[in-house]
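Quick notes on the structure that follows.
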Amino acid sequence: MNLTYFTNMIIMDHYLVNSNDFKDTYVKSDSRTYTDWKEYMRIGFFGAIQECLIWWNLNICFLFSGYLGVTQIAT
């Protein structure tokens, strides 16, 4: 699946760079793109932790709902 996503990303990037339809909307990266990574990672780390906790909570709820009977789930 990762190979499929990576191939799709390469194809879409190639299309965006070479297409006349997106020449006004596509912005190429420069040196300013890679500044302030520390701030980005500080915010992104806690957002990723929060997203993981949400998914784990959902999976735990699914796991426990498997132990309930049909009548308890129906109510």
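See the values below:
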read-out: Residue identified as modelled with pLDDT of 95 or more and either β-branched (V, I, T) or part of a helix (DSSP H, G or I) (or both) among L53, L63; value: L53
read-out: Enumeration of residues in the stretch 30-43 that are part of a helix (DSSP H, G or I) and not small (G, A, S); value: R32, T33, Y34, W37, K38, E39, Y40, M41, R42, I43
read-out: Residue within the stretch 43-52 that is surrounded by 10 or more Cβ atoms within 10 Å (Cβ to Cβ) and charged (D, E, K, R) present; value: yes
read-out: Cβ pairs under 6 Å, 6+ apart, first in the stretch 18-37 and free of Cβ contacts under 8 Å to residues at least 40 places away in the same chain, second surrounded by 10 or more Cβ atoms within 10 Å (Cβ to Cβ); value: F22/L16; Y26/L16
read-out: Answer residue from the stretch 26-42, given it is surrounded by 10 or more Cβ atoms within 10 Å (Cβ to Cβ) and among the hydrophobic types (A, V, I, L, M, F, W, C) and is nearest to L16 (Cα to Cα) among those; value: W37
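Here's the yes/no breakdown for (1) part of a helix (DSSP H, G or I); (2) within 16 Å of the chain's Cα centre (by Cα):
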residue	(1), (2)
M12	yes, no
D21	no, no
K28	no, no
F45	yes, yes
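The values are calculated or read from the model by the stated rules, or taken from the named source; none is laboratory data. Since the model is a prediction, treat every value here as computed from it, not as a measurement. Don't worry about glycine lacking a Cβ; one is built from the backbone with ideal geometry, like all the others, and counts go over all protein chains shown.
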